[in-house]
Amino acid sequence: MSDLFFYGTLRHVPLLEVVLGRPASDIDLTPATLADHAVHEVSDQIFPMIVHAPGERAEGVLVRGLGLDDIARMEFYEGGFDFDLEPRLLELPDGSKAEAQVFIPEPNLWQTGELWVFSNWARAWGELTLHAAREVMGHYGRMTAAEIARSFGAIRVRAAARVAASRRPRDPERDVKRDVIVNDHRYAYIGHFGHEEMTLKHRQHDGSMGPVLNRSALMNGQASVVLPYDPVRDRVVLIEQFRPPVYMIGDPAPWMWEAVAGMVDPGETPLEAAYREAREEAHVSLHGAEYVGGAYSSSGSSSEFLHLYLGLADLTETTETGGVEHEGEDIRSRIISFDALMQMVDRHEIKNIQLLTIANWLARHRDRLRAEA
């Protein structure tokens, strides 16, 4: 049996329950401090690190009696963050001391920021971290820590999308806690996207519970889609890029004309993502945006939620290259008139539903936008 000291995010008891796979009532928890150490933010990360700091004290919790599987689960979860376990002597509330293992980061791995405040982290990032941990631990025993670490960015994007989804308006006629029963939930696959499976049943329109269903879904985050429009010159920017799924299904034309689009990063608003993606993909700086609407892209198969915008910009020149190189994006853009865009719509030349939606919204609001310009 082993004792561990947690000074960072695993002080959050709900997170500890997820990682260990059992309730807090089955975990031996004691407040403790580690002398001559301090907990700092990690630059550009949502988790902290501990550093040697003479005279300082790191607050945390001591967890006693952890078995081999507990340690394996901890190392799987923390291993992706490049921490190693090292022994340290702790001080307990009654003045006694106890030795425990502590997750210590590799030297010079990260740059430290301000002192880390647990309550601030819990308020800002606790819910997102819980969702991410559930997905990570859903692959325990099937993947290595290094393999799961490669998907951390996408996992956090999906976790942020789960937080956003939970805050959307409730159904006034139904209660998912009462009207949906989940028998089994499995994290089936993880890569660039996630894939989850559920066995469930839901209440039907006649009030009875329906049959047990087995369903799977492509799990994705939120995305912002923006069509840059110049109301003075009455023109838009389209981008073109290769789309592997379109190629995979056998479509002979997988290079798609689209609106600018990209995932909403954790801590970023959909509008901020729209402005950022316009700069990255089309080299366009927006000076305003109109919200077209928000919707699931394919609610029968995917969790992706789209925020659609018309971006206002001065469109005087275009570029043959765009996108983010490390994301494998190869993008060109083209400025066309509004009339040319609608001709593409009417000739059924646009296969991207987001662009079709925004183009038709623009057709209804164009006169107002031009009058306001």
**Request:** Compute the Cα gyration tensor for region 1-158, then decide on rounded, prolate or oblate, letting a ≥ b ≥ c be the square roots of its eigenvalues: rounded whenever a/c is under 1.5, prolate when a/b is larger than b/c in the other cases, and oblate in all that remain.
**Result:** oblate
**Request:** Could you point to the label whose value was computed as Kirkwood radius over Cα pairs in Å for the structure here, given [x] 21.3; [y] 20.3; [z] 23.8?
**Result:** [z]
**Request:** For the chain, set up a Gaussian network in which alpha carbons nearer than 10 Å are linked by springs, and say which option among Pro266, Pro169, Pro87 fluctuates the most.
**Result:** Pro169
**Item:** Tensor-based shape of region 215-373 (alpha-carbon gyration tensor, a/c under 1.5 rounded, otherwise prolate or oblate)
**Value:** rounded
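Which order do the peptides 153-164, 103-114 take when ranked by the mean count of other beta-carbon atoms within 10 Å per residue, highest first?
Values: 153-164: 20.4, 103-114: 13.4.
Averaged packing, sorted descending, gives the order 153-164, 103-114.
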**Complete:** per DSSP, antiparallel bridges as share of beta bridges in region 206-302, % nearest 5, sits at 90
**Prompt:** Percent of accessible area on the chain owned by carbon and sulfur, 1.4 Å probe?
**Reply:** 51
**Request:** Could you let me know the centre-to-centre spacing of region 8-84 and region 278-292, using Cα atoms, in angstrom?
**Result:** 41
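May I ask for the percentage of alpha-carbon pairs in region 45-125 that lie more than 21 Å from each other?
38
Need one number: % antiparallel among DSSP beta bridges in the chain, to the nearest 5.
85
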**Asked** With every protein chain present, what is the per residue accessible area of region 98-141 (1.4 Å probe, Å²)?
**Response** 52
**Fill in**
Mean separation of Cα contacts under 8 Å (at least 6 apart) over the residue count of region 1-131, i.e. the relative contact order in percent, is 33
**Item:** Rel. contact order, % - alpha carbon contacts under 8 angstrom, at least six apart, the chain
**Value:** 12
**Request:** Hey, can you grab everything whose amide H is under 5 Å from the amide H of Glu304? Only 5+ residues off in sequence or another chain; H modelled, so Pro and N-termini drop out.
**Result:** Asn220, Ser297, Ser298
**Request:** Starting from the Cα of Thr144, step 7 Å along the direction of its Cβ; do the same at Leu115; then give the gap between the two resulting points in nm.
**Result:** 4.0
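Which shape class, rounded, prolate or oblate, goes with region 179-233 when its Cα gyration tensor gives a ≥ b ≥ c as root eigenvalues, a/c under 1.5 marks rounded, and past that a/b bigger than b/c marks prolate? Intermediate values should be presented prior to the final figure.
On the way: a/c = 5.84, a/b = 1.83, b/c = 3.18.
Taking the square roots of the gyration eigenvalues as a ≥ b ≥ c, region 179-233 is oblate.
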**Message:** Could you work out how much longer the chain between Ser297 and Ser96 gets when fully extended? Use 0.36 nm per residue separation minus the Cα distance between them, nm to one decimal.
**Reply:** 66.6 nm
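What Kirkwood hydrodynamic radius, in Å, does region 22-71 give when the mean of 1/r is taken over all pairs of distinct Cα atoms and then inverted?
Numbers: mean 1/r = 0.0778 Å⁻¹.
So the Kirkwood estimate lands at 12.9 Å.
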**Proximal lysines relative to Lys201, as straight alpha-carbon distance under 28 Å, when same-chain residues fewer than 8 apart are discounted** = Lys177
**Asked** Taking Cα centroids, how far is region 168-232 from region 94-133 in Å?
**Response** 32
**Request:** Compute the length gained on full extension between Ala363 and Tyr189: take 0.36 nm times their separation in residues and subtract their Cα-Cα distance, giving the result in nm to one decimal.
**Result:** 58.5 nm
**Fill in**
With Cα springs under 10 Å, the Gaussian network model of the chain assigns the largest mean-square fluctuation among His348, His52, His40 to His348
**Asked** Relative to the longest principal Cα axis of the chain, at what angle does helix 68-79 sit, 0 to 90 degrees, rounded to 10?
**Response** 40
**Message:** Between Ala371 and Leu218, what is the label-point separation in nm under the 7 Å Cα-to-beta-carbon projection?
**Reply:** 4.1
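Starting from the alpha-carbon convex hull of region 87-197, give the projected area averaged over all orientations, in nm².
Values: hull surface 47.0 nm².
Average of the hull's projected areas for region 87-197 equals 11.8 nm².
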**Prompt:** Taking 0.36 nm per intervening residue step and subtracting the Cα-Cα distance, what contour gain separates Glu240 from Thr199 on full extension?
**Reply:** 10.9 nm
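The values are calculated or read from the model by the stated rules, or taken from the named source; none is laboratory data. These numbers were taken from a predicted model, which means no experiment stands behind them. When we count neighbours, we look across all protein chains shown, and the Cβ atoms used for this are built from the backbone with ideal geometry, even at glycine. What goes into the accessible areas is simple: the full protein's heavy atoms, side chains included, and nothing from ligands, DNA or RNA. Shrake-Rupley method; radii C 1.70, N 1.55, O 1.52, S 1.80 Å.
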